[in-house]
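Beneath this line is the structure, given in structure tokens, with notes to follow.
Coordinate-derived values only; no laboratory data. Predicted model only: the values in this text are computed from it and were never measured. For neighbour counting, all protein chains shown are included, and Cβ atoms are generated from backbone atoms with ideal geometry for every residue, glycine included.
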Amino acid sequence: MDFFFGLDKPATLLDGVAVLTTVFGNVELSIIRSILEGEGIPFRVRDRGAGGVVRLVAGDSPFGCDILVPEEKLAEATELLDAYRNAELVEETDGQTDGEGTET
């Protein structure tokens, strides 16, 4: 039945764009959007199947949506997404650090 609604694979993509992930809820979508916006990574959200219409009517979509990023930013975005999903703290430092995470 997923084939009938176009849910069996990501939507047709434009050249130079890759699927970062597929999410199935507004909370996770909001978190990932915030992470990408905070890092300045451009992205686009594309609803699967009739998800756009369902989201307008019901406020959420069980069909999921794909988060698309430029191919050249895919590795950076994947690293950030993995850090979020693995609950790792990502810290920025202006100085050099020794092997134990303290600045020298």
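Structure summary
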{"quantity": "Contour excess over end-to-end distance, with Cα ends at Asp60 and Arg33 and 0.36 nm allotted per residue", "calculated": "8.2 nm"}
{"quantity": "Peptides 24-37, 65-78 ordered by average Cβ neighbours within 10 Å, highest first", "calculated": "65-78, 24-37"}
